[in-house]
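Down below is the structure, laid out as structure tokens.
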Amino acid sequence: MITECFEKEKTRKLYEEAFDDPKEFVNYYYMDKCIDNRIIVSEENGEIISMLHLNPYYVSLNGKTVKSYYIVAVATTKKRRHEGQMKRVFEKTFEILKNEHIPFVYLLPVDEAIYSWMGFEKICDFCLDRIADYEDVKERYDVYCVRDEDYIRRMNKEDMLRSMDQGEVLPDDPVIMGKITDLDAFNKAARTDFTDDKKALDWLKSKKIYICEEV
């Protein structure tokens, strides 16, 4: 069954199986980030077989603030890989996002080839050095995450974990990939009139994009 999981702690076992993040980071993630995120899962007999997490962000898209999601914690339990579980989880996710008129989503891949066949393309490099001055970000970039009170609180917590060497484990040379999930919503937000997702994504790639969020 592919569904949204509301008992989020049930997914922690798979998270810890799939990722090497320090325990301090995982504790923070499940106590804080999971307060308002969404988790789409493949579940059988009460067991989480496959999952992805949708972490919400408001993004400034060429001057317009839109809701988007950072897709993280994409995982399938070892014994059930190569069955198409993740494909079905993504298909359900894309259906939900289109129905909710989310213009685009993004993720940080371990390997771009894992996601490129689904329409994801590299849109920018991941910024390892966070720009502290938000006004500087707004002046220099066309696309960036909006910093509200929750964002700043989490940013400070994640910076502290990183300083203690307890932050998320990132791949070498991390990049950000994006995908258009509702072209009409994207056109409305960006004030464009593209007729296909590829052209819209090419336009997005041409913008100055700043993504420094780990999860």
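Quote the FRET efficiency, to the nearest 0.05, computed for residue 6 versus residue 149 with a Förster distance R0 of 25 Å and r equal to the Cβ-Cβ distance.
FRET efficiency, residue 6 to residue 149: 0.50.
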Applying 1/(1 + (r/R0)^6) with R0 = 35 Å to the Cβ-Cβ distance of residue 199 and residue 36, what FRET efficiency is obtained, to the nearest 0.05? 0.60
How many percent of the accessible area of the chain is carbon or sulfur, using a 1.4 Å probe? 48 percent
Can you give the translational diffusion coefficient of the chain in µm²/s, computed by Stokes-Einstein from the Kirkwood radius over Cα pairs at 37 °C and 0.692 mPa s? 184 µm²/s
For a 26 Å ceiling on Cα separation, which of these pairs sit above it: 78/208; 10/64; 157/205; 10/87; 23/205? 78/208; 10/64; 157/205; 23/205
So what's the back-of-envelope 222 nm ellipticity for the chain, counting only DSSP H runs of four-plus at -39500 (n - 2.57) apiece and dividing by all residues, rounded to 500? -10000 deg cm²/dmol
The stretch 80-204: spread of alpha-carbon positions along the three principal axes, whole Å, largest first, is 43, 42, 25
Kirkwood Rh in Å, taken over the stretch 19-78 so that all alpha-carbon pairs contribute: 13.2 Å
Could you give me the ³J(HN,Hα) list for the stretch 46-62, computed from phi with Karplus coefficients 6.51, -1.76, 1.60 and θ = phi - 60°, whole Hz, x at Gly and Pro? x, 9, 7, 8, 8, 7, 8, 10, 10, 9, x, 9, 8, 10, 7, 10, 6
Whole-angstrom Cα spans of the stretch 1-48 along principal axes, big to small: 31, 23, 12
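The values are calculated or read from the model by the stated rules, or taken from the named source; none is laboratory data. No experiment lies behind these values; they were computed from the predicted model shown. Cβ coordinates were reconstructed from backbone atoms using ideal geometry, including for glycine residues, and neighbour counts include every protein chain displayed. Side chains are part of the model used for accessible areas, which takes the heavy atoms of the whole protein and leaves out ligands, DNA and RNA. Shrake-Rupley method; radii C 1.70, N 1.55, O 1.52, S 1.80 Å.
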